[in-house]
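Student: My questions will all concern the structure given below.
The values are calculated or read from the model by the stated rules, or taken from the named source; none is laboratory data. None of the values given here were measured: they were computed from a predicted structure. When we count neighbours, we look across all protein chains shown, and the Cβ atoms used for this are built from the backbone with ideal geometry, even at glycine. Just so you know, the surface numbers come from the protein's heavy atoms only, side chains and all, with ligands and any DNA or RNA stripped out. Shrake-Rupley method; radii C 1.70, N 1.55, O 1.52, S 1.80 Å.
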Number of protein chains: 4
Amino acid sequence: MNTPRNTAILLMHCPDQQGIVAAVTDFLYNNNGNILNLDQHVDQDIRHFFMRVEWELDGFGIPEQKIDDFFGTLIGNKFGMHWQLHFSRKKPRMAIFVSKMSHCLYDILQRYMSGEWSVEIPLILGNHNTMQSIAERFGIPFHYFEITAKNKAAQEAAQIALLREKEIDFMVLARYMQILSSEFVQTFPNRIINIHHSFLPAFKGARPYHSAYERGVKIIGATGHYVTADLDEGPIIAQDVTHVSHRDSIEDMVRKGKDLEKVVLSEAIWLELQHKVLPYGNKTVIFD
Amino acid sequence: MNTPRNTAILLMHCPDQQGIVAAVTDFLYNNNGNILNLDQHVDQDIRHFFMRVEWELDGFGIPEQKIDDFFGTLIGNKFGMHWQLHFSRKKPRMAIFVSKMSHCLYDILQRYMSGEWSVEIPLILGNHNTMQSIAERFGIPFHYFEITAKNKAAQEAAQIALLREKEIDFMVLARYMQILSSEFVQTFPNRIINIHHSFLPAFKGARPYHSAYERGVKIIGATGHYVTADLDEGPIIAQDVTHVSHRDSIEDMVRKGKDLEKVVLSEAIWLELQHKVLPYGNKTVIFD
Amino acid sequence: MNTPRNTAILLMHCPDQQGIVAAVTDFLYNNNGNILNLDQHVDQDIRHFFMRVEWELDGFGIPEQKIDDFFGTLIGNKFGMHWQLHFSRKKPRMAIFVSKMSHCLYDILQRYMSGEWSVEIPLILGNHNTMQSIAERFGIPFHYFEITAKNKAAQEAAQIALLREKEIDFMVLARYMQILSSEFVQTFPNRIINIHHSFLPAFKGARPYHSAYERGVKIIGATGHYVTADLDEGPIIAQDVTHVSHRDSIEDMVRKGKDLEKVVLSEAIWLELQHKVLPYGNKTVIFD
Amino acid sequence: MNTPRNTAILLMHCPDQQGIVAAVTDFLYNNNGNILNLDQHVDQDIRHFFMRVEWELDGFGIPEQKIDDFFGTLIGNKFGMHWQLHFSRKKPRMAIFVSKMSHCLYDILQRYMSGEWSVEIPLILGNHNTMQSIAERFGIPFHYFEITAKNKAAQEAAQIALLREKEIDFMVLARYMQILSSEFVQTFPNRIINIHHSFLPAFKGARPYHSAYERGVKIIGATGHYVTADLDEGPIIAQDVTHVSHRDSIEDMVRKGKDLEKVVLSEAIWLELQHKVLPYGNKTVIFD
């Protein structure tokens, strides 16, 4: 799956109708496109259609820059679709937001440096400068935005300008301990991935391990999700849990939870990089 | 662990102090008791001590019926302990409450019939009579208590009388779809085990699979817990989860969830039968 | 997913070629077939194509009894396909083989009785008669085939005759502790599902929990697979594991393993009943 | 658990006899030692006793440097024990062996740098120099030992000398792709922790993901274990698995497996650092 490919990927959704798959696959076949993966899903409750299709560009009859127009004209508009077109050779540009904890950051950087992921990381942003030395060690520009109640709006505006200048495709909050304003979030709909340190919807908000300890649960978890204006309520991309017992202090839960957090966050990023996540409403379709 | 043994089991807890383990193990050693298992735990936050110790009765110097008195006089009272004494040869007497679903009931009865558990099941109680034929097929008396808003207090009083007459040690709510009154619950503190079909504290109350589906979670779970007067808030004994995806309809979640429910409930019952659960406050220590 | 549907399901595989999906979906679309699910997979190593497609029969333009012929003539033969056609309203007929243990049997029967599965169980076969009373309690004919070294060939011939007479679609070995002969197995290729009580390929053959205990593993597992002439080497359908520790005796492992065995076996059966398993070579594609 | 403590830890095992727990806890109590944790286990099959006890040193009546002698004279020798004495304030000294892959190394270094672990890492050894720049980035001396068939014995002798000079307590093979000689291994019994990229005993030796792919398994795993002279046969400390499907290529399995490898290896190291692993024969007791 993660070998260098020269493929195009279409993510699409629309009200369910007869003939969608036939129309899309005819479009590809008639233009000499070899399908590598096709996965579709119909949500029967809302009669809505979702599909991801990936095909080889070598030999495909439509030039890359015209595919979007041709697909829209011939297929997408006809079925009332929303669609996204991606190319596997284009590396997504990802920004990382950090505060004081390093476990998710290192996990991301190790995958980036070792070539496990096809991604560019043009910058790391911090509301503390604790992670600056790590960023520099990896040769990635670090931007320190100290946030106070007073300067928050201005700092977020500066962040947005910077993210646009750097042509960032999506952002990752790697245990970023600062709530983004609604304005910021709505500037980047479904383009900010957060890791929350509990199995949502349980233990929303601050200090979930303390709450888990208080409640005496026997599992703890982590949730990777898109950020929306409602805190910890956005579409869930990935979740996992681990078992705990009465022997685990809050500190033990924090330690065990970090392993979940980094792995679940990186799983969510991986899915995003592969263009395998299709959000709709407050949920996601994951084409795994 | 589950071979027939002739052992005594002490569960105890008290404020943490020096010398507790030495005192208890001296008590056993001085009376020729061979310890098979000893597990202790100190909750550092509240400086509270918990212990479970199991020893062989063959050759033990104190007659069975006097152990409780001797232990209390020599050890328990000195340290301000709460303790429970159990004997492995005494089969606990368990009542099962059911409504319309059979998966947990069959799971329990299979273990009972095959000798996996050392337990007696003198009766099954239902607020519907749907499970009556199953109970009869297994030769267990079924008691039908139809519950209405009007007769609830009287029916619960009748249930309590019956449970006392049958000398029930603890009860299991095997997907019993009727909320017990505070009065009923407080009559049997930490003696009623319920299975809730979500990973608590998420999705408390009715229709958790519907709520899970609406939220778009990627895991579903089940929780075995003691029933308290606060709905779905009692001490948790066991929890587990399984992964779901957008492909899973509510019906799929219900189907997958049933497997969790029955296994988690039976795990909680197993721990109870082995006298491995020590509730304190709203949590449990599980001596596994 | 498990609501009564009136659908047709095609499972197909063939060497990968351009235009397969388009051809199949055109075939369905041109005959007014509404696709509910389509999942395809290309094994890039062997350039082989696999697909499962399910569509609504109501309004479909080709009569049920002619679909196989039409599909073969128009599509299947052209692409050199192997295909299977199933109808969701036809209940598969399943035979269960048992020996002395009841946990998998009860698990299957509970699902059958409660309507969780759409299946017919015309008979249960035992090489011991221990399970006869359970079969009778559920009203299912029990056939006792005592197997000795001397009578094995004759008894298997009688079993085959009985299975054919009862028009059995597939068989389940629910902890059946008797090795089937190559002749028997080859009579029903990929139509016999076994549960092995380890995570294959570890601990093949007899007494896997004893071997697991000896080796000091920290996980134990169970594997549902098709039976082939090579013992415990057939295509794997489903696997799961649970954690164990030094505290677990062999008896504890056996007890914990039973929960895995029944759930994994029932998962494999569920997939088979949904026509979601496509074996090829010694592997399976699972259209989940 | 991971707060700075000033405690002593005794790990002990001996043939099971009456009075061991009483003798040890009396010894501590009589010398004013406050027990924080006590966990014991009796292997009933071999009638062997295992125990870990941790107590506070502040106020303990025996000076640190005399505890070992006093315990041995008063308790250990009397019961025929093997025991180890550790002090929580003494940071273990750990050497890391690497080859070309960075995921386990980064995972270890992140925990080290962030203070999650109380450990010293005086050196990293590589049979390739690929990881040298990473080691230097973290300020840890890197020693490059190129290994050929011809120089292996000499290089291992040099490694042993270096490890002794640096007073290394134990070694970690962080995906070290070079088989250690029996002589090397036997120089450090139960002091070398390896991560093997399969759920042992399945897929021993080279290229386990390729073997897993060929076999068509539905789970892959990783195993942390002590190295013995028999390849991949040493005592297992920790294991975990993750689910895979036909959609996973070998490359996908490798990618998913890396997450298991690093988390399982770090779990094994954590247990070692906490002195919670007691090997005996070819198994381990894990005092978790």
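Student: Just one of (1) open to solvent by 20 Å² or more (accessible area, probe 1.4 Å); (2) within 10 Å of chain A (Cβ to nearest Cβ) trips up B:Phe287, so point out which.
Tutor: (1)
Student: Kindly provide the set of residues from the stretch A:229-240 that are at the interface with another protein chain (Cβ under 10 Å from one of its Cβ atoms) and either closer than 28 Å to D:Leu36 by Cβ or surrounded by fewer than 24 Cβ atoms within 10 Å (Cβ to Cβ) (or both), ordered by number.
Tutor: A:Glu233, A:Pro235, A:Asp240
Student: While we're here: Filter the stretch C:217-228 down to the residues that are assigned to a loop (DSSP other than H, G, I, E, B) and without any contact (Cβ under 8 Å) to a residue 40 or more places away in the chain, then identify the one that is nearest to the other protein chains (Cβ to nearest Cβ).
Tutor: My answer is C:Lys218.
Student: Sticking with this structure for a sec: Would the stretch D:169-181 turn up any residue that is assigned to a helix (DSSP H, G or I) and not aliphatic (A, V, I, L, M)? Step through it out loud before you land on a result.
Tutor: Narrowing the stretch D:169-181 to residues assigned to a helix (DSSP H, G or I): none.
Among the residues of the stretch D:169-181, not one is assigned to a helix (DSSP H, G or I) and not aliphatic (A, V, I, L, M), which makes the answer no.
Student: Oh, and also: Taking the criterion of being among the small types (Gly, Ala, Ser), farther than 30 Å from A:Leu109 by Cα and touching a Phe, Trp or Tyr at 6+ places or on another chain (Cβ under 9 Å), would at least one residue in the stretch D:158-179 satisfy it?
Tutor: Among the residues of the stretch D:158-179, at least one is among the small types (Gly, Ala, Ser), farther than 30 Å from A:Leu109 by Cα and touching a Phe, Trp or Tyr at 6+ places or on another chain (Cβ under 9 Å), which makes the answer yes.
Student: Might you check whether a residue that is assigned to a loop (DSSP other than H, G, I, E, B), open to solvent by 50 Å² or more (accessible area, probe 1.4 Å), assigned by TED's automatic domain parsing to the domain that holds D:Ser118 and within 18 Å of D:Pro92 (Cβ to Cβ) occurs anywhere in the stretch D:147-165?
Tutor: Within the stretch D:147-165, the first condition is being assigned to a loop (DSSP other than H, G, I, E, B), and the residues that meet it are D:147-151.
Subsequent filtering for residues that are open to solvent by 50 Å² or more (accessible area, probe 1.4 Å) retains D:148-150.
Then drop every residue that is not assigned by TED's automatic domain parsing to the domain that holds D:Ser118, which leaves D:148-150.
Next, only the ones that are within 18 Å of D:Pro92 (Cβ to Cβ) stay: none.
No, the stretch D:147-165 contains no residue that is assigned to a loop (DSSP other than H, G, I, E, B), open to solvent by 50 Å² or more (accessible area, probe 1.4 Å), assigned by TED's automatic domain parsing to the domain that holds D:Ser118 and within 18 Å of D:Pro92 (Cβ to Cβ).
Student: Would you confirm whether any residue within the stretch B:252-268 is closer than 20 Å to A:Gly221 by Cα and either among the small types (Gly, Ala, Ser) or surrounded by fewer than 20 Cβ atoms within 10 Å (Cβ to Cβ) (or both)?
Tutor: yes
Student: Taking B:Glu214, is it in contact (Cβ under 8 Å) with a residue 24 or more places away in the chain, assigned to a helix (DSSP H, G or I) and of a type in the set (D, E, K, R)?
Tutor: Details: in contact (Cβ under 8 Å) with a residue 24 or more places away in the chain: no; assigned to a helix (DSSP H, G or I): yes; of a type in the set (D, E, K, R): yes.
Spelling it out, it is not the case that B:Glu214 is in contact (Cβ under 8 Å) with a residue 24 or more places away in the chain, assigned to a helix (DSSP H, G or I) and of a type in the set (D, E, K, R).
Student: I've got another one for you. Out of C:Ile179, C:Ile219, C:Ile147, I need the residue that is within 22 Å of D:Ile219 (Cα to Cα) and either more than 18 Å from the chain's Cα centre (by Cα) or of a type in the set (A, V, I, L, M) (or both). Which one?
Tutor: After ruling out the rest, the residue left standing is C:Ile219.
Residues checked against (1) within 12 Å of chain C (Cβ to nearest Cβ); (2) part of a loop (DSSP other than H, G, I, E, B); (3) surrounded by 17 or more Cβ atoms within 10 Å (Cβ to Cβ):
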{"site": "A:Leu11", "(1), (2), (3)": "no, no, yes"}
{"site": "A:Gln17", "(1), (2), (3)": "yes, yes, no"}
{"site": "A:Ile46", "(1), (2), (3)": "no, yes, no"}
{"site": "A:Asp68", "(1), (2), (3)": "no, no, no"}
{"site": "A:Gly72", "(1), (2), (3)": "no, no, no"}
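Student: Given (1) within 14 Å of the chain's Cα centre (by Cα); (2) of a type in the set (Gly, Ala, Ser); (3) surrounded by fewer than 24 Cβ atoms within 10 Å (Cβ to Cβ), identify the lone condition not met by D:Ser245.
Tutor: D:Ser245 satisfies all of (1) within 14 Å of the chain's Cα centre (by Cα); (2) of a type in the set (Gly, Ala, Ser); (3) surrounded by fewer than 24 Cβ atoms within 10 Å (Cβ to Cβ) except (1).
Student: I'm told D:Phe87 meets every condition in (1) over 30 Å from B:Arg5 (Cα atoms); (2) at pLDDT 95 or above; (3) touching a strand residue (DSSP E or B) at 6+ places or on another chain (Cβ under 6 Å); (4) facing chain B (nearest Cβ under 10 Å) except one. Can you identify the failing condition by its number?
Tutor: Condition (4) is where D:Phe87 drops out.
Student: OK, next. Taking D:Ala135 and the conditions (1) in contact with a helix residue (DSSP H, G or I) (Cβ under 7 Å, 6 or more places away or on another chain); (2) modelled with pLDDT of 95 or more, which numbered condition does it fall short on, given that it satisfies the others?
Tutor: Among (1) in contact with a helix residue (DSSP H, G or I) (Cβ under 7 Å, 6 or more places away or on another chain); (2) modelled with pLDDT of 95 or more, D:Ala135 violates only (1).
Student: Separate question: Quick one: in the stretch B:24-40, which of the residues that are touching a residue at least 40 places away in the same chain (Cβ under 8 Å) and more than 8 Å from chain D (Cβ to nearest Cβ) is farthest from C:Glu251 (Cα to Cα)?
Tutor: The residue in question is B:Phe27.
Student: Could you please find all residues in the stretch C:173-213 being within 14 Å of chain D (Cβ to nearest Cβ), surrounded by 16 or more Cβ atoms within 10 Å (Cβ to Cβ), out of contact with any helix residue (DSSP H, G or I) (no Cβ under 7 Å at 6 or more places or on another chain) and not aliphatic (A, V, I, L, M)?
Tutor: C:Asn190, C:His196, C:Phe199, C:Lys204, C:Pro208, C:Ser211
Student: Let me ask something else. How many of the residues in the stretch A:90-100 are crowded, with 20+ Cβ neighbours inside 10 Å and within 14 Å of chain D (Cβ to nearest Cβ)?
Tutor: Matching residues across the stretch A:90-100 total 1.
Student: Hey, another quick one. Among the residues that make up the stretch C:92-107, is at least one of them among the polar types (S, T, N, Q) and either more than 24 Å from C:Lys258 (Cβ to Cβ) or outside any helix (DSSP H, G or I) (or both)?
Tutor: Taking every residue of the stretch C:92-107 in turn, at least one turns out to be among the polar types (S, T, N, Q) and either more than 24 Å from C:Lys258 (Cβ to Cβ) or outside any helix (DSSP H, G or I) (or both).
Student: Check whether at least one residue in the stretch C:104-117 is more than 12 Å from every other protein chain (Cβ to nearest Cβ), closer than 22 Å to B:Asp107 by Cα and out of contact with any helix residue (DSSP H, G or I) (no Cβ under 7 Å at 6 or more places or on another chain), and report yes or no.
Tutor: Within the stretch C:104-117, not a single residue is more than 12 Å from every other protein chain (Cβ to nearest Cβ), closer than 22 Å to B:Asp107 by Cα and out of contact with any helix residue (DSSP H, G or I) (no Cβ under 7 Å at 6 or more places or on another chain).
Student: Restricting attention to the stretch C:102-118, which residues are surrounded by 20 or more Cβ atoms within 10 Å (Cβ to Cβ) and either touching a residue at least 12 places away in the same chain (Cβ under 8 Å) or of a type in the set (D, E, K, R) (or both)?
Tutor: Correct list: C:Ser102, C:His103, C:Cys104, C:Leu105, C:Tyr106, C:Asp107, C:Ile108, C:Leu109, C:Arg111, C:Trp117.
Student: Turning to a different aspect of this structure: How about the stretch B:76-86: which of its residues are surrounded by 15 or more Cβ atoms within 10 Å (Cβ to Cβ), in contact with a helix residue (DSSP H, G or I) (Cβ under 8 Å, 6 or more places away or on another chain) and either among the basic types (Lys, Arg) or not in a loop (DSSP other than H, G, I, E, B) (or both)?
Tutor: Those that are surrounded by 15 or more Cβ atoms within 10 Å (Cβ to Cβ), in contact with a helix residue (DSSP H, G or I) (Cβ under 8 Å, 6 or more places away or on another chain) and either among the basic types (Lys, Arg) or not in a loop (DSSP other than H, G, I, E, B) (or both): B:Phe79, B:Trp83, B:Leu85.
Student: Would it be correct to say that D:Val254 is more than 23 Å from the chain's Cα centre (by Cα) and either more than 30 Å from D:Thr7 (Cα to Cα) or of a type outside the set (Phe, Trp, Tyr) (or both)?
Tutor: Considered against the rule, which asks whether it is more than 23 Å from the chain's Cα centre (by Cα) and either more than 30 Å from D:Thr7 (Cα to Cα) or of a type outside the set (Phe, Trp, Tyr) (or both), D:Val254 comes out as yes.
Student: Mind telling me which of the residues B:Val53, B:Val24 ends up being in contact with a Phe, Trp or Tyr (Cβ under 9 Å, 6 or more places away or on another chain) and buried (at least 19 other Cβ atoms within 10 Å of the Cβ)?
Tutor: Working: B:Val53 fails: in contact with a Phe, Trp or Tyr (Cβ under 9 Å, 6 or more places away or on another chain).
Within the list B:Val53, B:Val24, the selection yields B:Val24.
Student: On to the next question. What are the residue pairs meeting all of these: first residue in the stretch A:131-146, first residue polar (S, T, N, Q), second residue buried (at least 18 other Cβ atoms within 10 Å of the Cβ) and at pLDDT 95 or above, Cβ atoms under 9 Å, and 6 or more apart or on different chains?
Tutor: A:Gln132/A:Ile124; A:Gln132/A:Gly126; A:Gln132/A:Phe142; A:Ser133/A:Phe142
Student: Give all pairs with beta carbons closer than 7 Å in which a residue from the stretch D:256-284 that is more than 8 Å from every other protein chain (Cβ to nearest Cβ) and more than 27 Å from A:Leu265 (Cα to Cα) meets a residue that is open to solvent by 10 Å² or more (accessible area, probe 1.4 Å) and β-branched (Val, Ile, Thr); count only pairs at least 6 apart in sequence or on separate chains.
Tutor: So the pair list comes out as D:Lys276/D:Ile286; D:Val277/D:Ile286.
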